[in-house]
Amino acid sequence: MQADDIVETIPTRRTFGAVRRWFRRSALSAADWDALEEILITADLGPRLSMELIEELRETVNTDGSVDVTRAHKVMIEHLGDTITNDDAEFASGHPPQVIFVVGVNGVGKTTSIAKLAYMLRGLGHEVLLAAGDTFRAGAIDQLKIWGKNVGVSVVAHKAGSDPGAVVYDALDAAKAREVDYVIVDSAGRQHTNVNLMNELSKMRRVAGRQVEGAPHEVLLVIDAMAGQNGLQQAQGFLTTAGVTGIVLTKLDSSAKGGSAFAVAREAGVPIKFAGTGERVEDFSAFDPRRFVKDILDKRPDEERYEVSE
Ligand SMILES: Nc1nc2c(ncn2[C@@H]2O[C@H](COP(=O)(O)OP(=O)(O)OP(=O)(O)O)[C@@H](O)[C@H]2O)c(=O)[nH]1
Ligand SMILES: [Mg+2]
């Protein structure tokens, strides 16, 4: 889809620019390797991935002590690309309605991503219905209704403070009656450590499962790229209790820490399915891991003049 949007906007590219520049160093010393480790950690790859990469990059050093840049690039692309590979990551596409839950901690971009996903699915010709499952935060229902209006999809909502399970129930009822392809369910932001709120999610899941076979078919965990390594803890918390099937990585446009994507996808073992790259409804794309790695490593002609030599 619009993978170019990712390319143009990610500050992660700048962080990885330091890696590209490092590759041009010669007569590498122990201090140079320490510097590389620091660069990788700054990009939020996490200690484990950083160490693995460094081990592999050591193999690409020529006899004169410089890096074989072509091989080093290959190592980065293969190692990082494989880390977050989502070759077998299909988006829900079975018998309608397919039910998509969107979960995550507060303020990560759940509701915005729902609007973006609805817009994308509509663009592909699908009928979409939204369920205002965040009955907790004041204004959440209206926020979803406004988005629904903007992207041209209906929203099923109850009053603020009501039971989110009942919203799911009604939304799925409506979806079956109207032959909707996708129902996307919003949920209140919650800490993965809050047992009561995590139980509430389980209840919403049970309600969905009783209404529609196999539902929810997707549970998308939204992670803010700025969360860095905290994203990993969030992912692990939601994974065990919410049955997460994929990650939406948001705010790639405003975070230099996109490297955390690698750590999260690898450690959590869940594919990143979508990327958010801005506040507009179009700022959203299917996530292509290999392309992402290549894009943050490849040098672009327009960058040449901004590079600072080290
Ligand atoms: N720059 C940028 N901002 C984003 C992106 N996605 C969401 N936001 C912004 O993040 C803020 C929070 O977005 P919401 O969609 O309300 O987040 P939420 O997870 O639903 O929040 P709660 O329901 O309060 O838990 C808003 O100001 C959005 O515009 C993104 O990809 N890039
Ligand atoms: Mg929300």
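Where both bridge residues fall in segment 160-302, DSSP classifies roughly 25% of the beta bridges as antiparallel. Accessible surface computed residue by residue for segment 100-214, with neighbouring protein chains in place and a 1.4 Å probe, gives 45 Å² per residue.
A simple rule links phi to the HN-Hα coupling: the Karplus curve 6.51 cos²θ - 1.76 cosθ + 1.60 with θ = phi - 60°, which for segment 92-102 gives 2, 8, x, 4, x, x, 8, 10, 10, 8, 10 Hz, with x for Gly and Pro. Across segment 179-269 the C-alpha pair distances fall into 10 Å bins from zero in the proportions 16, 45, 30, 9, 0 percent.
Projecting label points 7 angstrom from Cα along Cα→Cβ for SER202 and SER29 puts them 5.7 nm apart.
For the pair THR240 and GLU213, the difference between a 0.36 nm per residue extended length and the Cα-Cα distance amounts to 7.6 nm. Among LYS116/LYS159; LYS145/LYS251; LYS176/LYS251; LYS159/LYS203; LYS159/LYS273; LYS110/LYS159, which pairs are too far apart, with a Cα-Cα distance over 30 Å? Distance filter (> 30 Å) returns LYS176/LYS251; LYS159/LYS273.
Restricting to the chain, compute how many DSSP beta bridges are antiparallel as a %, nearest 5. Given both bridge residues lie in the chain, the antiparallel proportion sits at roughly 15 percent. Applying 1/(1 + (r/R0)^6) with R0 = 22 Å to the Cβ-Cβ distance of ILE41 and GLN233 gives a FRET efficiency near 0.80. What shape does the chain have by the C-alpha gyration tensor, where a ≥ b ≥ c are the square roots of the eigenvalues, rounded means a/c under 1.5, and otherwise prolate means a/b greater than b/c and oblate the rest? Prolate shape, in that a/c is at least 1.5 and a/b is the bigger ratio. Remark on segment 239-295: Rg and Dmax equal 11.6, 34 Å (Cα only). Using the rule -39500 (n - 2.57) for each DSSP H run of four or more residues, divided by the residues of the chain, the 222 nm mean residue ellipticity is -15000 deg cm²/dmol.
One chain, two ends: VAL195 and LEU124. Fully extended at 0.36 nm per residue, the span grows by 21.8 nm beyond their Cα-Cα distance. Peptides 25-34, 209-218, 127-136, 167-176 ranked from most to least packed, by the mean per-residue count of other Cβ atoms within 10 Å: 127-136, 167-176, 209-218, 25-34. Once backbone amide H atoms are built at 1.01 Å from N, LEU129 has TYR182, VAL183, ILE184 as its partners under 5 Å, excluding neighbours fewer than 5 places away on the same chain. Phi angles across segment 123-128 convert, under the Karplus curve 6.51 cos²θ - 1.76 cosθ + 1.60 with θ = phi - 60°, into 3J(HN,Hα) values of x, 8, x, 8, 7, 10 Hz, Gly and Pro given as x.
Using the Karplus relation 6.51 cos²θ - 1.76 cosθ + 1.60 with θ = phi - 60°, the per-residue 3J(HN,Hα) values for segment 262-279 come to 5, 5, 5, 4, 6, 6, 7, x, 10, x, 7, 9, 9, 10, x, 10, x, 8 Hz, with x marking Gly and Pro. Taking only the C-alpha atoms of segment 166-218, Rg followed by Dmax gives 11.8, 37 Å.
The values are calculated or read from the model by the stated rules, or taken from the named source; none is laboratory data. Predicted model, so just to flag it, every value in this text is computed and none were measured. Cβ atoms come from the backbone with ideal geometry, glycine included; neighbour counts cover every protein chain shown. Just so you know, the surface numbers come from the protein's heavy atoms only, side chains and all, with ligands and any DNA or RNA stripped out. Shrake-Rupley method; radii C 1.70, N 1.55, O 1.52, S 1.80 Å.
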